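Input: a single structure, listed below in structure tokens.
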Amino acid sequence: MSSINYSERIPNNVDLASDRTLQRALEQWQPNFLQWWGDMGPEGSHGYDVYLRTAISVDPKGWAQFGYVKMPDYRWGIFLNPAEEGRRIHFGDHLGEPVWQSVPGEHRANLRRIIVTQGDTEPASVEQQRHLGMTAPSMYDLRNLFQVNVEEGRHLWAMVYLLHRYFGRDGREEAEALLERRSGDADNPRILGAFNERTPDWLSFFMFTYFTDRDGKFQLCALAESGFDPLARTTRFMLTEEAHHMFVGESGVSRVIQRTCEVMNQLRTDDPEKIRAAGVIDPPTIQRYLNFHFSVTIDLFGADQSSNAATFYSTGLKGRFEEGKRTDDHILKGDTYKVLEVRDGALVEKEVPMLNALNEVLRDDFIKDSVGGVSRWNKVIEKAGLPFRLQVPHKAFNRRIGSLSGVRVSPEGQVVSEAQWRENEDKWLPSAEDREFVASLMGRVVEPGKFANWIAPPVIGINRQPIDFEYVRLN
Ligand SMILES: [Fe+2]
Ligand SMILES: [Fe+2]
């Protein structure tokens with residue numbers, strides 16, 4: 001077996017060079033990871049030189065190193081945010097106690113489950129996106145896709161580090177299993193629903209990175225509060241990368257909208273057929289894609305009432321979004337929260353113990369955050385002088401998890417019958433025909449500075465490079 005030069009091949013700030021046990025575990029795992037990347041990473045990309053950002057340390061300068069890299073040679077690293085002197089658990093039953101530097105026996109199973117569930121999403125999204133490079137709308141976008149992919153690979157390393165370092169043999173087994181499950185596989189799927197959906201085209205990709213990577217942000221923010229300090233420090237560093245993924249999504253959708261508006265103004269039409277005939281994506285289709293990705297993403301937060309969520313909080317494993325900025329008692333024992341349920345065919349609010357509703361609390365924080373980008377998209381439309389607006393669907397729309405999974409609800413929040421749902425489904429969610437149309441626009445554009453017809457160029461390039469920079473050398 002070839003040995004690994006740790007400081008060179010795996011940039012890290014966890015003193016890998018002097019941790020023999022961890023070295024051995026990673027030495028066994030790394031070839032399997034590379035095999036997985038070869039099989040399931042971006043299709044046809046292994047010989048490309050890609051202008052990527054690599055994290056080589058946690059200080060602000062160190063994680064913005066740019067240069068051409070072949071992706072299989074990317075320096076996947078292990079980084080924890082610097083330790084906070086005297087950090088204490090700041091929520092739940094252990095409030096005020098020093099944070100844990102090792103895994104408390106009684107929380108071991110839950111912590112492992114949290115880490116595995118987070119870890120599983122990272123390779124899943126790489127698998128979901130693996131064909132997109134073949135239809136990239138530009139070299140700039142191709143590079144951004146690959147940047148997201150290698151960073152999700154690094155996030156997998158981050159979770160595998162925790163499993164190897166703190167969970168012994170079962171941690172190593174879980175780390176192997178992370179390379180064995182496959183997105184969308186009937187027999188061995190990824191753990192969470194949205195990570196088994198396809199990402200077949202670039203509009204899906206941009207919606208995914210806007211909404212679903214934002215779910216990643218909220219989960220990571222909640223874990224960054226954890227009383228298990230290595231998890232808190234690892235996830236804090238992952239958040240710096242997540243911001244870029246959401247930027248790719250927000251700016252991507254924004255450029256799609258901008259191009260559509262340009263064509264609508266040129267042709268003076270809002271007729272979807274005419275807009276489509278001009279080779280750009282019509283607003284109703286954009287809205288349906290938005291409806292789909294928003295609804296499958298908010299399912300990721302889990303059931304609206306969950307005793308696991310209460311346990312994870314009370315035991316100090318997983319906090320709330322911005323736990324430290326909240327002014328309540330951080331124990332939440334007597335507190336309540338409003339969740340939705342269906343009574344006599346209508347949605348009504350019901351007060352439940354807040355501890356059991358923490359999935360819903362995080363989901364509501366996510367919704368508030370994601371609405372912001374949608375209003376920025378609407379600004380683009382407003383600036384173009386057009387009257388249509390995009391909006392996020394009602395939280396009860398198209399849900400598969402929790403008490404709302406049992407009802408049909410329109411994007412506006414009206415409970416509807418099964419027959420009404422079927423009648424309108426193609427107006428509310430992307431139809432087979434919509435997907436076919438969007439797929440028909442996807443064709444590879446890789447001449448530097450050129451962009452597919454359905455998307456506007458970005459305002460600026462990456463790392464102050466010009467827009468027509470050769471971001472990927474296809475060799
Ligand atoms: Fe990630
Ligand atoms: Fe991400």
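The values are calculated or read from the model by the stated rules, or taken from the named source; none is laboratory data. In this text the structure is predicted, and so the values were computed from the model without any measurement. Using ideal geometry, Cβ is built from the backbone for each residue, glycine included, and neighbour counts are taken over all protein chains shown.
Residues are listed down the side, and each one gets a yes or a no for (1) farther than 18 Å from residue 226 by Cβ; (2) surrounded by fewer than 22 Cβ atoms within 10 Å (Cβ to Cβ); (3) of a type in the set (A, V, I, L, M, F, W, C):
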site: 106; (1), (2), (3): no, yes, no
site: 118; (1), (2), (3): no, no, no
site: 137; (1), (2), (3): yes, no, no
site: 165; (1), (2), (3): no, yes, no
site: 173; (1), (2), (3): yes, yes, no
site: 180; (1), (2), (3): yes, yes, no
Q) Which condition does residue 186 not pass, out of (1) touching a residue at least 24 places away in the same chain (Cβ under 8 Å); (2) away from ligand 1 (no atom under 14 Å from the Cβ), if it passes all the others? A) (1)
Q: Tell me, please, whether a residue that is within 13 Å of ligand 1 (Cβ to nearest atom), modelled with pLDDT under 95 and either farther than 30 Å from residue 97 by Cα or surrounded by fewer than 23 Cβ atoms within 10 Å (Cβ to Cβ) (or both) can be found in the range 217-231.
A: no
Q.
Checking residue 244 against (1) under 14 Å from the mean Cα position of the chain (by Cα); (2) within 16 Å of ligand 2 (Cβ to nearest atom); (3) under 30 Å from residue 404 (Cα atoms), only one condition comes out false. Which one?
A. (3)
(Q) Suppose we filter 101, 23, 28 for residues that are in contact with an Asp or Glu (Cβ under 8 Å, 6 or more places away or on another chain) and farther than 27 Å from residue 245 by Cβ; which single one remains? (A) 101
(Q) Looking at 455, 460, 401, can you tell me which residue is free of Cβ contacts under 8 Å to residues at least 24 places away in the same chain and either closer than 14 Å to residue 285 by Cα or not in a helix (DSSP H, G or I) (or both)? (A) 460
Q: Please specify each residue of the range 111-151 satisfying the condition of being among the charged types (D, E, K, R) and closer than 25 Å to residue 68 by Cα.
A: 122, 127, 130, 141, 143, 151
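Okay, residues lined up against (1) within 11 Å of ligand 2 (Cβ to nearest atom); (2) more than 26 Å from residue 312 (Cβ to Cβ); (3) touching a His at 6+ places or on another chain (Cβ under 8 Å); (4) of a type in the set (Lys, Arg):
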site	(1), (2), (3), (4)
205	no, yes, no, no
219	yes, no, no, no
228	no, no, yes, no
232	no, no, no, no
238	yes, no, yes, no
251	no, yes, no, no
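Residue-wise test of (1) among the hydroxyl-bearing types (Ser, Thr, Tyr); (2) out of contact with any helix residue (DSSP H, G or I) (no Cβ under 8 Å at 6 or more places or on another chain); (3) surrounded by 14 or more Cβ atoms within 10 Å (Cβ to Cβ).
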position	(1), (2), (3)
411	no, no, yes
432	no, yes, no
443	no, no, no
448	no, no, yes
(Q) Can you tell me which residue is surrounded by the fewest Cβ atoms within 10 Å (Cβ to Cβ) among those in the range 249-284 that are among the β-branched types (Val, Ile, Thr) and farther than 30 Å from residue 359 by Cα? (A) 269
Q) For the range 301-315, which residues satisfy the criterion of being crowded, with 24+ Cβ neighbours inside 10 Å and of a type outside the set (Asp, Glu)? A) 301, 312, 313
Q.
I'm trying to understand the selection: among the residues of the range 15-57, which are surrounded by 18 or more Cβ atoms within 10 Å (Cβ to Cβ), farther than 26 Å from residue 470 by Cβ and either out of contact with any Lys or Arg (no Cβ under 9 Å at 6 or more places or on another chain) or not polar (S, T, N, Q) (or both)?
A. 16, 22, 25, 26, 29, 33, 36
Q | Filter pass, residue 398 being surrounded by 14 or more Cβ atoms within 10 Å (Cβ to Cβ), modelled with pLDDT of 95 or more and at positive phi | A | yes
Q.
Could you go through the range 133-147 and let me know if any residue there is within 13 Å of ligand 1 (Cβ to nearest atom) and in a helix (DSSP H, G or I).
A. yes
Q. All but one of (1) more than 22 Å from residue 446 (Cβ to Cβ); (2) within 23 Å of the chain's Cα centre (by Cα); (3) touching a residue at least 40 places away in the same chain (Cβ under 8 Å) hold for residue 42; which doesn't?
A. (1)
Q) Are there any helices (runs of 4 or more DSSP H) wholly within the range 222-339 with 1 or more residues that are in contact with a strand residue (DSSP E or B) (Cβ under 8 Å, 6 or more places away or on another chain), and if so which? A) 229-267, 307-314
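Residue-by-condition table, conditions (1) over 25 Å from residue 243 (Cα atoms); (2) within 16 Å of ligand 2 (Cβ to nearest atom):
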site: 138; (1), (2): no, no
site: 142; (1), (2): no, no
site: 145; (1), (2): no, yes
site: 148; (1), (2): no, yes
site: 153; (1), (2): no, yes
site: 159; (1), (2): no, yes
site: 163; (1), (2): no, no
site: 167; (1), (2): yes, no
site: 172; (1), (2): yes, no
